[in-house]
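Structure first, commentary second.
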Amino acid sequence: MAKEITGVSASGTLYSRLRNSAGLWWNGTSFEAYSALNYANYDLPLTEEGNSGHYTADFPSAIVTAGTYQYVVHRQAGASPAEGDTIVNTGSIDWTGTNAVTVTAATGAMTGSEWRDYLLRCGFKRTDKDSELYEATTDAIQEMRRRFMFDEAEVESTTTDTISVLGDFKITLESDFGLLLGVMLEDDDTGTPLTIVPKWQFDQLYPSINVESDRGYPKHACVYAGSIYIGPIPDSTSYVYRKSYSRRAGVITSATSGVPFTNIMRDVLADNVLGRLYKALEEYDKATLHRQAFEDGFFLSTRRERVNSGSHCFTVSPFLG
């Protein structure tokens, strides 16, 4: 299985509960209306990966009905699961009846194999270069997302994180994390955005964060070494942190169910990929033509995105490759 259910916490005992779209809870064999007396039957244990603080569990294979399911991860306080156990994670899973649906681009995006056929129709006739084609596509998508966070790459995480141990100040990043767009601190039904700073500035603001126990109301966040650092050290474990971030595309293959950008920007992506492929084949005239076409198309696309988002002043840095 793919370990679809995840949670992050200091080492301890974690379990999850699973609910369907009708609001019924999984009891190990079927879904039922919530009952406090049956709470222990809703327990889906999670297993820690080493001592990483990252916990996982398989989605129950006995559930064969397709749909969207919500899960809640708890940190167990006593000898057995009980109402009142602290929530450390929440999430949702789109289930086909046999496996989780992979996060894809917007509706209308091409599959990996359809994208390969499209590039062949665009004039790339080398049917012996499929591996290179998919590698170039993966690199092109990553470049486009690094340079500009298009709307199709943005997602507000359905996962809310907490820091369950006083003195801790790190939150583990999601597996599909690309670029942090914002962190909202949810406290007593209010939301306060944290100021995102680079690591060097975070170190200047909190030079002794790893050796002191001084705590306060969170103000800043930065991304470093697979975690989000919160400063100052939070003075409460009741804070909830909601992240907005751009997704990483992952590796594109023939089996990819939705290739990013192919729903509304496939011509721009195609020029990027073809420029890379022809450069690798040392056909530099074709590579230059496609690269310039990509830069022109990319500029227009980013301008459109800026207008759509209400920001009319923009700069697009040219690719240096």
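Considering segment 1-36, the residues that are aromatic (Phe, Trp, Tyr) and more than 23 Å from the chain's Cα centre (by Cα) include one that is surrounded by the most Cβ atoms within 10 Å (Cβ to Cβ), namely Trp26.
Search segment 138-184 for residues being farther than 20 Å from Val240 by Cα and of a type in the set (Gly, Ala, Ser), and hand back the single one that is modelled with the highest pLDDT. Among residues in segment 138-184 that are farther than 20 Å from Val240 by Cα and of a type in the set (Gly, Ala, Ser), the one modelled with the highest pLDDT is Ala140. When the criteria are applied in full, Gly12 fails the requirement of being assigned to a loop (DSSP other than H, G, I, E, B), free of Cβ contacts under 8 Å to residues at least 40 places away in the same chain and small (Gly, Ala, Ser).
Can you report the number of residues in segment 37-91 which are part of a strand (DSSP E or B), of a type in the set (Val, Ile, Thr) and surrounded by 13 or more Cβ atoms within 10 Å (Cβ to Cβ)? Walk me through how you get there before you give the answer.
Quick first cut of segment 37-91, residues part of a strand (DSSP E or B) only: 44-45, 47-48, 54-57, 67-75, 86-91.
Next, from what is left, pick out any that are of a type in the set (Val, Ile, Thr): 47, 56, 68, 72-73, 86-88, 90.
When the remaining residues are screened for being surrounded by 13 or more Cβ atoms within 10 Å (Cβ to Cβ), the result is 56, 72-73, 86-88, 90.
Total meeting the criteria: 7.
Of the residues Phe261, Phe299, the single one that is more than 18 Å from Lys129 (Cβ to Cβ) and either without any contact (Cβ under 8 Å) to a residue 60 or more places away in the chain or among the small types (Gly, Ala, Ser) (or both) is Phe299. Condition check: surrounded by fewer than 18 Cβ atoms within 10 Å (Cβ to Cβ), touching a residue at least 24 places away in the same chain (Cβ under 8 Å) and in a strand (DSSP E or B). Does Ser244 satisfy that? For Ser244, the condition - surrounded by fewer than 18 Cβ atoms within 10 Å (Cβ to Cβ), touching a residue at least 24 places away in the same chain (Cβ under 8 Å) and in a strand (DSSP E or B) - is met. Here Val307 clears all of (1) in a loop (DSSP other than H, G, I, E, B); (2) modelled with pLDDT under 90; (3) farther than 30 Å from Val165 by Cα; (4) of a type outside the set (Lys, Arg) except the condition numbered (1).
Out of the residues in segment 120-134 that are more than 13 Å from Gly275 (Cα to Cα) and among the acidic types (Asp, Glu), which is surrounded by the fewest Cβ atoms within 10 Å (Cβ to Cβ)? Break it down into steps so the answer makes sense when it comes.
So in segment 120-134, the residues more than 13 Å from Gly275 (Cα to Cα) come out as 120-121, 125-131, 134.
Narrowing the set further to residues that are among the acidic types (Asp, Glu) leaves 128, 130.
Details: Asp128: 7, Asp130: 16.
Checked segment 120-134; the qualifying residue surrounded by the fewest Cβ atoms within 10 Å (Cβ to Cβ) is Asp128.
The values are calculated or read from the model by the stated rules, or taken from the named source; none is laboratory data. Computed from a prediction, not measured in an experiment: that's the story for all the values here. Ideal geometry is used to build each Cβ from the backbone, glycine not excepted, and the neighbour counts take in all protein chains shown.
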